[in-house]
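The values are calculated or read from the model by the stated rules, or taken from the named source; none is laboratory data. Every value quoted in this text rests on a predicted model; they were computed, and no experiment measured them. Because the Cβ atoms are built from the backbone with ideal geometry, glycine has one as well, and the counts that use them run over all protein chains shown. The protein model used for the area step is the full one, side chains on, heavy atoms only, and it has no ligands, DNA or RNA in it. Shrake-Rupley method; radii C 1.70, N 1.55, O 1.52, S 1.80 Å.
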Amino acid sequence: GDWSSDVCSSDLAHLVRAAVQKKGVSQKAMKMVVQNCCTAKGGCIVTKNWGFPSKISEAIRYHNNPDIAPKDIKKLISLLYLADMINYYSLGEVEYYQINEKVLKEFSIDSEGKLKTIVKRVQEKLDY
C-alpha cells in the first residue's frame, strides 16, 4: 500500500470525525485537521527519505502542532504555524479563537484586531 495508509488510517479518521461531531465542529474544520495531520507526517517521511536536512523534515512534521515541536526548532515551527494560520485566517478558513494561544502570545498578538492588522500588512506587501 501507499505510505498514507500507514500514517492516516480510516479508523483514525472515523474516531476524529465522531469526536468532533460531538463537539459541534464543522466538517470543513475536521477535514482540515485530518488532512493536515496526514500531510505533515507524510511530508516528513518523504523528505527524510529524499535526504533533506532534518530541520526541514522536522519543520514539515511539526508546523501544524508547534506545542510538540522539539525545543531547538520550536521558534521556527511557531513562526511557520503562524504564517499558515494567517493564510487560513485571511481566506476565512479559521477563526481567531482556533489559533494556538501560545503562539499568539509568543508573537505578542493579544487580540483579533492585532491579527487583522498583520493580515492587512501581509496582503499589502503581497499586493493582494
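Per-residue answers, yes or no, for (1) modelled with pLDDT under 80; (2) touching a Pro at 6+ places or on another chain (Cβ under 7 Å):
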| residue | (1), (2) |
| --- | --- |
| LEU12 | yes, no |
| THR39 | yes, no |
| SER54 | no, no |
| ALA59 | no, no |
| TYR81 | no, yes |
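Residues in the stretch 70-88 that are open to solvent by less than 30 Å² (accessible area, probe 1.4 Å) and either over 20 Å from LYS41 (Cβ atoms) or in contact with a Leu (Cβ under 8 Å, 6 or more places away or on another chain) (or both): LEU82, ILE86.
Taking the stated definitions as given, is LYS102 exposed (fewer than 14 other Cβ atoms within 10 Å of the Cβ) and modelled with pLDDT of 70 or more?
Taking the combined requirement at face value, the residue satisfies it.
Of the residues in the stretch 107-116, not one is of a type in the set (Gly, Ala, Ser), more than 17 Å from THR39 (Cα to Cα), assigned to a helix (DSSP H, G or I) and in contact (Cβ under 8 Å) with a residue 24 or more places away in the chain. Just to be sure I understand the filter: pairs with C-beta atoms under 7 Å, separated by 6 or more residues or on different chains, first member in the stretch 61-89 and assigned to a helix (DSSP H, G or I), second member of a type in the set (Gly, Ala, Ser). Which pairs pass? If the second residue must be of a type in the set (Gly, Ala, Ser), the pairs left are ARG61/ALA40; TYR62/ALA69; PRO66/SER78; ILE73/ALA59; LEU76/ALA59; ILE77/ALA59; ILE77/ALA69; LEU80/ALA59. Can you find a residue that is among the hydroxyl-bearing types (Ser, Thr, Tyr), without any contact (Cβ under 8 Å) to a residue 60 or more places away in the chain, out of contact with any strand residue (DSSP E or B) (no Cβ under 8 Å at 6 or more places or on another chain) and open to solvent by 80 Å² or more (accessible area, probe 1.4 Å) anywhere in the stretch 91-98? Yes, because at least one residue in the stretch 91-98 is among the hydroxyl-bearing types (Ser, Thr, Tyr), without any contact (Cβ under 8 Å) to a residue 60 or more places away in the chain, out of contact with any strand residue (DSSP E or B) (no Cβ under 8 Å at 6 or more places or on another chain) and open to solvent by 80 Å² or more (accessible area, probe 1.4 Å).
Within the stretch 117-128, can you find the residues that are outside any loop (DSSP other than H, G, I, E, B) and either open to solvent by 70 Å² or more (accessible area, probe 1.4 Å) or touching a Gly at 6+ places or on another chain (Cβ under 8 Å) (or both)?
We begin by selecting, within the stretch 117-128, every residue outside any loop (DSSP other than H, G, I, E, B); these are 117-125.
Within the stretch 117-128, LYS120, ARG121, GLU124, LYS125 qualify.
If you go through the stretch 46-68 and keep only what is open to solvent by less than 70 Å² (accessible area, probe 1.4 Å) and of a type in the set (A, V, I, L, M, F, W, C), you end up with VAL46, ALA59, ILE60.
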